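Everything on this sheet refers to the single structure shown next.
What follows draws every value from the coordinates through simple rules; no lab data is involved. Bear in mind the structure is a predicted one, so any value in this text is a computation, not a measurement. Reconstructed Cβ throughout: ideal geometry from the backbone, glycine too, with neighbour counts over all protein chains shown.
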Ligand code: PCA
């Protein structure tokens, strides 16, 4: 009898290892194309978690806004419609100015500075997200932001009246201050917007222009290096608190790896995609001195506006970043 009980117990254990009773599937909405480096990083992260938890938590990524559009992803996770997902952090600047810390023109313009700025801002961002039932897992920057146009542009005066695709408050404000006409469009939809003339310009990375083949409609990319906005991966905090300590450790480890690999990919992708724009037929190069100086003046205005909107906590982020220089 004893033998039989042991045998049963052993069988139960084997069964548990092969098909865990608590197996969960986490759908992970992401806004950018499957070929984009953020999506590749997310897919690796999902695999890492699925393998590391022995299948107890299986993460399935849904790139290109196929499950939820970019603008809807955070709300979907807050309300538990999806347990986990990725979104552009500065996309929430209209809720709280602090989210726009990474879209201040000419504050942090290199990968190294962007990493320092993130260190300075992370505790505040984690706190704001926690108040919204969200737990931050990792964040990865986009390559430096430059300006795309259909026609040659050498000064801010040349921008007047151009229809401009924006992706957050800061980019809409940049359009206003340069006399352009902002229209907010998700990255997943920009190829069509440019092809149909809904917009003829944008500020973005070489990466997004490359992913969306914008050379089919646009001809110039000016490497302004204005800022490096971040994507971040968040999990619903109720879901997170239901995860075992062992699996939390696996997920945190996978998140750290993803952040490291994502940063590396972002750097590699910068030169590769600028060359891709050239190969597509675009003129790629630095902005004229006049345009650079005029944009820097606009940057000062936008920095002051952000500091006013983000209050003491915003100022503390900028001070901590400047002290780390
Ligand atoms: N690509 C995203 C955000 C920043 C970037 O480089 C976009 O254009 O939507």
Inset, instruction - Considering each of 231, 249, 236 in turn, give the residue that is buried (at least 22 other Cβ atoms within 10 Å of the Cβ) and more than 12 Å from the ligand (Cβ to nearest atom). - result: 236
Legend entry - Some residue of segment 265-278 being part of a helix (DSSP H, G or I), away from the ligand (no atom under 16 Å from the Cβ) and either in contact (Cβ under 8 Å) with a residue 12 or more places away in the chain or at positive phi (or both): no
Legend entry - Residues (within 16 Å of the ligand (Cβ to nearest atom), out of contact with any helix residue (DSSP H, G or I) (no Cβ under 6 Å at 6 or more places or on another chain), under 20 Å from residue 124 (Cα atoms) and not in a strand (DSSP E or B)) located in segment 47-101: 74, 91
Inset, instruction - Answer with yes or no whether residue 80 is free of Cβ contacts under 8 Å to residues at least 60 places away in the same chain and surrounded by fewer than 24 Cβ atoms within 10 Å (Cβ to Cβ). - result: no
Inset, instruction - For residue 281, indicate whether it is over 23 Å from the mean Cα position of the chain (by Cα), within 18 Å of residue 95 (Cβ to Cβ) and exposed (fewer than 15 other Cβ atoms within 10 Å of the Cβ). - result: no
Legend entry - Scan of segment 107-147 for residues that are touching a helix residue (DSSP H, G or I) at 6+ places or on another chain (Cβ under 6 Å) and within 16 Å of the ligand (Cβ to nearest atom), ordered by number: 108, 111, 117, 140, 141, 143
Inset, instruction - Give me a count of the residues in segment 169-189 that are within 11 Å of the ligand (Cβ to nearest atom) and in contact with a strand residue (DSSP E or B) (Cβ under 8 Å, 6 or more places away or on another chain). - result: 4
Legend entry - Unmet requirement for residue 259, which otherwise passes all of (1) in contact with a helix residue (DSSP H, G or I) (Cβ under 8 Å, 6 or more places away or on another chain); (2) buried (at least 17 other Cβ atoms within 10 Å of the Cβ); (3) closer than 19 Å to residue 33 by Cα: (1)
Legend entry - Neighbours by Cβ (under 8 Å, 6+ apart or cross-chain): first from segment 197-212, within 15 Å of residue 153 (Cα to Cα) and in contact (Cβ under 8 Å) with a residue 40 or more places away in the chain; second within 7 Å of the ligand (Cβ to nearest atom) and assigned to a loop (DSSP other than H, G, I, E, B): 202/167; 203/145
Legend entry - Residue in segment 42-70 that is farthest from the chain's Cα centre (by Cα), counting only those that are touching a residue at least 60 places away in the same chain (Cβ under 8 Å) and farther than 16 Å from residue 187 by Cβ: 56
Inset, instruction - State whether the residues of segment 251-261 include one that is under 20 Å from residue 86 (Cβ atoms), part of a loop (DSSP other than H, G, I, E, B) and within 24 Å of the chain's Cα centre (by Cα). - result: no
